[in-house]
Amino acid sequence: MEQAKKFSPALYALIIFCFLLPFFNLSCSGQKVMSLTGFQMVTGTQYEQQNMFGGGQTKKIEAEPLAIFALIASIIGLVISLTKIKNVNLFSIIISIAGAVFLFLLKNKLDNDIITQGQGMITIEYGFGFWFALLLFIASAVIQGLFYNQDKKTSAVKVESSSDV
């Protein structure tokens, strides 16, 4: 079981890596307009908006707080999984669920923003980085839940055997 616990830091490291991958693509009339990574969502970015007459202007995309919270959750999860504190599995479950919730809320917010601001002309497609990060948060919560249950059973058996003496 101790060998399996070493996968937890790897899961959180993979989630952090997912923020380097494309999180979503914006399309207008089937033409891909823009692709943003998770880190661009965290830090904000600028893009060139072309107009009909060939000129363009620079627009700024602000940092998205929900993306920031999801990244922070993955960093906290990585740090916690590397420590030897009591109930590390319980804390990891909470952090993983929080990270998944932040990503779900981010998806909901972006969907609503695209509907209201895109006026039906702009569509959003979520990329591999987003879906993989979400899947890893969920997988981490499930795996940590299994470890937590196993630890509870092991400690219950130790208490029973020490009371029998």
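Quick test of your reading of the structure: Leu106 fulfils all but one of (1) without any contact (Cβ under 8 Å) to a residue 60 or more places away in the chain; (2) assigned to a helix (DSSP H, G or I); (3) in contact with a Leu (Cβ under 8 Å, 6 or more places away or on another chain). Name the failing condition by number.
The number of the failed condition is (1).
Of the residues Leu78, Leu66, Leu90, which single one is in contact (Cβ under 8 Å) with a residue 60 or more places away in the chain and assigned to a helix (DSSP H, G or I)?
Values: Leu66 fails: in contact (Cβ under 8 Å) with a residue 60 or more places away in the chain; Leu90 fails: in contact (Cβ under 8 Å) with a residue 60 or more places away in the chain.
So the residue among Leu78, Leu66, Leu90 that is in contact (Cβ under 8 Å) with a residue 60 or more places away in the chain and assigned to a helix (DSSP H, G or I) is Leu78.
Which members of region 113-145 meet the condition of being loosely packed, with under 13 Cβ neighbours inside 10 Å and of a type outside the set (A, V, I, L, M, F, W, C)?
Selection gives Thr116, Gln117, Gln119, Gly120, Glu125.
Could you give me the residue pairs with C-beta distances under 8 Å whose first residue belongs to region 18-36 and is surrounded by 12 or more Cβ atoms within 10 Å (Cβ to Cβ), whose second residue is aliphatic (A, V, I, L, M) and assigned to a loop (DSSP other than H, G, I, E, B) wherever it lies, and which are 6+ apart or on separate chains?
Cys28/Met121
Every read-out reported here was derived from the displayed coordinates using simple, explicitly stated rules and does not represent laboratory data. Remember, it's a predicted structure, so these values are computed and weren't measured experimentally. Here the Cβ is made from the backbone with ideal geometry for all residues, glycine too, and neighbour counts use every protein chain on show.
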